[in-house]
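Below is one structure, written out as structure tokens, with a few remarks after it.
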Amino acid sequence: MSPLVETREILDEIRTLFAEKGNDMYAGEAVSQTEHALQAASTAEQEQASPELITAALLHDVGHLLHKHSEDCAIQGIDDLHERIGAAWLKQHFLEAVTEPIRLHVDAKRYRCATDEEYLSRLSPASVLSLELQGGPFDAREQRQFENNPWYEEALRLRTWDEAAKIPGLATPDLEYFLTFVQRVLEHPVDLN
């Protein structure tokens, strides 16, 4: 299969996921999955992040679109492991510069909650519930382990954009606009590590 055909197929898969499940509400928040993704990517772009990090911001919760649980699974006491599911699916096509911040964005929340009381106090009720299911704030050993990961700074940036991406009615560029970043990353992969 040619790289151009493969890129088109991946972009079509992403479009299909957002078309099928993107209008679902984002895990107890007042925005849809698509709104959340677009807001995160928009903030990343405004902060002049790399195309890889903008792609990660757009796709950081793709695991929610892939898993078989209902969106209220946290209320049922289920950790959907969306960060692992999404990173594993994306790893088939993307380098670590995209997949590792995604895989680590839940760990980044746990780290920030352990190291920043103000951050913890600003979490939405839905995010507090998911934090409990995800293991709660890191202990000192887990904090050191996270800090030793070469992608931890990118994961922390992604976490900031994730938390900010919950504003009902916020205008952003559309999915097709951000898919141009995804396409660029697929066609010109750069390993940033």
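Within segment 148-176, how many residues turn out to be of a type in the set (Ser, Thr, Tyr) and touching a Ser or Thr at 6+ places or on another chain (Cβ under 9 Å)? Reasoning before the result, please.
Of the residues in segment 148-176, the ones of a type in the set (Ser, Thr, Tyr) are 152, 160, 172.
Then drop every residue that is not touching a Ser or Thr at 6+ places or on another chain (Cβ under 9 Å), which leaves 160, 172.
Total satisfying the criteria: 2.
Being of a type in the set (Lys, Arg) and outside any loop (DSSP other than H, G, I, E, B) is the filter; apply it to segment 146-180 and report the residue that is least open to solvent (accessible area, probe 1.4 Å). So that I can check it myself, show each step before the final result.
Here is the first cut: in segment 146-180, the residues of a type in the set (Lys, Arg) are 157, 159, 166.
In the following step, the residues that additionally are outside any loop (DSSP other than H, G, I, E, B) were identified as 157, 159.
Numbers: Arg157: 87, Arg159: 10 Å².
If we take residues in segment 146-180 being of a type in the set (Lys, Arg) and outside any loop (DSSP other than H, G, I, E, B), then Arg159 is least open to solvent (accessible area, probe 1.4 Å).
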Hits in segment 39-59 (condition: buried (at least 22 other Cβ atoms within 10 Å of the Cβ) and either modelled with pLDDT under 95 or of a type in the set (A, V, I, L, M, F, W, C) (or both)): Ala40, Ala41, Ala44, Leu53, Ile54, Ala56, Ala57, Leu58, Leu59
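Report, by residue number, each residue of segment 128-156 that is at pLDDT below 90 and within 22 Å of Ala49 (Cβ to Cβ). Working first, answer last.
Here is the first cut: in segment 128-156, the ones at pLDDT below 90 are 128-135.
Within segment 128-156, no residue meets the criteria.
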Boolean, Glu118 is assigned to a helix (DSSP H, G or I), open to solvent by 50 Å² or more (accessible area, probe 1.4 Å) and either at positive phi or modelled with pLDDT under 95 (or both): yes
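The values are calculated or read from the model by the stated rules, or taken from the named source; none is laboratory data. Keep in mind the model is a prediction, meaning the values are calculated, not measured. Neighbour counts run over all protein chains shown; Cβ positions are idealised from the backbone, glycine included. SASA here: full protein model, heavy atoms, side chains in, ligands and nucleic acids out. Shrake-Rupley method; radii C 1.70, N 1.55, O 1.52, S 1.80 Å.
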